[in-house]
1. Could you go through the stretch 12-33 and let me know if any residue there is under 23 Å from residue 220 (Cα atoms) and in contact with a strand residue (DSSP E or B) (Cβ under 7 Å, 6 or more places away or on another chain).
2. Please work out which residue is surrounded by the most Cβ atoms within 10 Å (Cβ to Cβ), limiting yourself to the stretch 47-75 and to residues that are without any contact (Cβ under 8 Å) to a residue 12 or more places away in the chain and farther than 15 Å from residue 208 by Cα.
3. Would you check which residues across the stretch 233-254 are assigned to a helix (DSSP H, G or I), under 25 Å from the mean Cα position of the chain (by Cα) and within 20 Å of residue 60 (Cβ to Cβ) and list them?
4. Any idea which of (1) at pLDDT 95 or above; (2) surrounded by fewer than 16 Cβ atoms within 10 Å (Cβ to Cβ) is the one residue 18 doesn't satisfy?
5. Could you tell me whether the stretch 39-47 includes any residue that is modelled with pLDDT of 95 or more and in contact with a strand residue (DSSP E or B) (Cβ under 8 Å, 6 or more places away or on another chain)?
């Protein structure tokens, strides 16, 4: 086993034994989601009514907050008074844990192909409108008037898919939290000199690692929100959320 892999094994064991990583990921995702909801609400209060504008901006802001929360989390697990570990060897820093104690799900957690991964939802996870209720959306899909255009029904369908993808991203991040947070923290420790290594190629930085693991779900959610906004703008120009889209879709043609 190469030295860096051994260091990572000991680091993973130390992290998992000391912190509740899924709980921490839940807090990160909750703050990420709330930031999106707040951004959407704030724009609405300032008369930005178009979903086509509000939702993509809310997704983008929430993804930025995702990285802010990760940095706060790293400051929590590596407090300032532990800076002395920079002068210690990794074996001293992670003393008390053996290589054989490594939890297997840290290295075997699934990740998105093409560079995406444990993000949540990434990175950007969460719901951006209080009225985006999947229950009401599902019931409306089958009760719309036959005289409505197919694009109107497509807008509702995309809205439902958007909700499903957001929830799926949140679930994925929670399941893979030990892998995602473990790798992010390990890269942070490498960059900070807490874990000496001669393999500079292995050091890509915590921010680069987090982006590499979370960009794909963010892009999918961003594209779906933009598509949903475009369809709503074309077919229900006065609607400001999914609930209003459903109500207008159900109204009989006069």
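The values are calculated or read from the model by the stated rules, or taken from the named source; none is laboratory data. Please read these numbers as outputs of a predicted model, since none were measured by experiment. Cβ sites come from the backbone with ideal geometry, for glycine too, and all protein chains shown count toward neighbours.
1. Yes: one or more hits.
2. 48
3. We begin by selecting, within the stretch 233-254, every residue assigned to a helix (DSSP H, G or I); these are 233-235, 242-250.
Narrowing the set further to residues that are under 25 Å from the mean Cα position of the chain (by Cα) leaves 242-243.
Matches in the stretch 233-254: 242 only.
4. (1)
5. no
The rows are residues; the columns are (1) modelled with pLDDT of 90 or more; (2) part of a helix (DSSP H, G or I); (3) out of contact with any strand residue (DSSP E or B) (no Cβ under 6 Å at 6 or more places or on another chain); (4) surrounded by fewer than 24 Cβ atoms within 10 Å (Cβ to Cβ).
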| site | (1), (2), (3), (4) |
| --- | --- |
| 121 | no, no, yes, no |
| 132 | no, no, yes, yes |
| 145 | no, no, yes, yes |
| 157 | yes, yes, yes, yes |
| 163 | yes, yes, yes, yes |
| 181 | yes, yes, yes, no |
| 185 | yes, yes, yes, no |
| 204 | no, no, yes, yes |
| 207 | yes, yes, yes, yes |
